[in-house]
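All remarks here apply to the structure that follows.
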Amino acid sequence: MENIKLSINEGIALITLSRPKALNALNKFLLEDLHQVLKDLESQENVRVLILTGEGEKAFVAGADIKEFPSLSKEDATEMAAVGQERVFDKIHHYPKPIIAAVNGYALGGGLELALACHIRVGSQNAVLGLPEVTLGLLPGYGGTQRLPMLIGRGRALEMILTGDPIDAEKAEHWGILNSVGDNAIEEAEKIAKRLIKRYPSAQKAALQSVHSYYNEQGLKEEIKRFGQQFQTPDFNHGVDAFLNKRK
Ligand code: DAK
């Protein structure tokens, strides 16, 4: 696959998102590749735990690919939201095997939302986490408005969502976004993965299903609708144009 590297070792699948020139930003091809890998690994009994990371030392994922945005209509954006949520973000959230995000640098916007969809997150010391969508005239559209408050509480989540300001690894660990932080995010994830593969997979699957049974689909539908609406605003055109032309 063009945008993803996969290696499997002793029951642990390492999925590396690989568009390093764009800091692994999520475009529709990468999302489609990720959907396919997740689908393939679901039925492989030799794979017990998945680790998701980004290529290089600089970024996990620097967000959705902003360069794709100007060509999207409100309908395209709503459609992209629904497809991305269902085929990737919800698939990860409801996956029957544990998925750990190894956050090895920037995890911004859709990148942080991808990590939030995973079951466990760990990070490297240079990790930077944030939801900068408001700086583009948008709101988080891949589940961030739902999963972040659930994980760290409404006050801290709203500080991140409404300011768009990122936080460092230390604060992310303190706030409970990252379970642990170390020199190397993948090694940190492997430590947990090795503990996970010692336990019964059927029990883990049942526990995952049980933990996720309370999930609020209504909130996600609201997020998709409002994300699409923001694409029609002058703020969105202004914010994206500023990023593309390297202005503040
Ligand atoms: N998209 C496209 N290209 C990106 C990118 C991104 N998100 N982030 C970085 N790049 C590209 C840069 O444009 C640059 O490309 P060239 O100019 O070299 O061609 C290259 O990666 C290296 O980046 P920089 O030169 O900017 O590197 P710096 O070290 O100076 O800065 C940075 C690193 C991460 C601070 C900076 O790149 C940055 O601020 N990036 C944008 C971060 C951001 O705003 N991300 C959030 C995007 S909003 C959806 C749902 C959700 C979403 C979308 C759709 N649906 C429901 C439809 C999510 C939205 C978002 O994620």
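Criterion first (within 11 Å of the ligand (Cβ to nearest atom) and hydrophobic (A, V, I, L, M, F, W, C)) does Ile99 satisfy it? Reasoning before the result, please.
Details: within 11 Å of the ligand (Cβ to nearest atom): no; hydrophobic (A, V, I, L, M, F, W, C): yes.
No.
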* Asked: If you scan region 180-236, which residues turn out to be within 16 Å of the ligand (Cβ to nearest atom), among the β-branched types (Val, Ile, Thr) and either over 26 Å from Val103 (Cα atoms) or assigned to a loop (DSSP other than H, G, I, E, B) (or both)?
  -> Thr233
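Residues are listed down the side, and each one gets a yes or a no for (1) in a loop (DSSP other than H, G, I, E, B); (2) away from the ligand (no atom under 15 Å from the Cβ); (3) modelled with pLDDT under 95:
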position: Ala81; (1), (2), (3): no, no, yes
position: Gly84; (1), (2), (3): no, no, yes
position: Ile92; (1), (2), (3): no, no, no
position: Tyr95; (1), (2), (3): yes, yes, no
* Structure fact -> Those residues of region 110-128 which are within 16 Å of Gly164 (Cβ to Cβ) and touching a Phe, Trp or Tyr at 6+ places or on another chain (Cβ under 8 Å) amount to Gly110, Gly111, Glu113, Val128
* **Candidate set: region 10-24, residues that are within 16 Å of the ligand (Cβ to nearest atom) and in contact (Cβ under 8 Å) with a residue 24 or more places away in the chain; chosen: the one surrounded by the fewest Cβ atoms within 10 Å (Cβ to Cβ)** => Pro20
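Among the residues of region 148-169, how many are assigned to a helix (DSSP H, G or I), in contact (Cβ under 8 Å) with a residue 24 or more places away in the chain and open to solvent by 40 Å² or more (accessible area, probe 1.4 Å)?
Residues of region 148-169 that are assigned to a helix (DSSP H, G or I), as a first pass: 148-152, 154-163, 169.
Next, from what is left, pick out any that are in contact (Cβ under 8 Å) with a residue 24 or more places away in the chain: 148, 151-152, 160-163, 169.
After this cut, where a residue has to be open to solvent by 40 Å² or more (accessible area, probe 1.4 Å) as well, the list is 151, 162-163.
Result for region 148-169: 3.
Based on this model, can you work out whether Glu45 counts as free of Cβ contacts under 8 Å to residues at least 24 places away in the same chain and more than 11 Å from the ligand (Cβ to nearest atom)? Walk me through it before giving the result.
Details: free of Cβ contacts under 8 Å to residues at least 24 places away in the same chain: yes; more than 11 Å from the ligand (Cβ to nearest atom): yes.
So Glu45 passes the test.
Search region 70-79 for residues being touching a helix residue (DSSP H, G or I) at 6+ places or on another chain (Cβ under 7 Å) and within 9 Å of the ligand (Cβ to nearest atom), and hand back the single one that is least open to solvent (accessible area, probe 1.4 Å).
Filtering region 70-79 for residues touching a helix residue (DSSP H, G or I) at 6+ places or on another chain (Cβ under 7 Å) gives 70, 72, 74, 77-78.
Then keep just the ones that are within 9 Å of the ligand (Cβ to nearest atom); that gives 72, 77-78.
On the way: Leu72: 38, Ala77: 2, Thr78: 47 Å².
Filtering first and then ranking leaves Ala77.
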* To do: Any residue in region 121-147 that's of a type in the set (S, T, N, Q) and assigned to a loop (DSSP other than H, G, I, E, B): show its pairings with residues that are open to solvent by less than 10 Å² (accessible area, probe 1.4 Å) and within 12 Å of the ligand (Cβ to nearest atom) at Cβ separation under 6 Å, as long as the two are six or more apart or on different chains.
  => Asn126/Gly105
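The values are calculated or read from the model by the stated rules, or taken from the named source; none is laboratory data. Just so it is clear, the structure is predicted and the values come from calculations on it, not from any experiment. FYI the Cβ positions are ideal-geometry reconstructions off the backbone, even for glycines, and counts take in every protein chain you see. Calculation scope for accessible area: heavy atoms of the full protein, side chains included, ligands and nucleic acids excluded. Shrake-Rupley method; radii C 1.70, N 1.55, O 1.52, S 1.80 Å.
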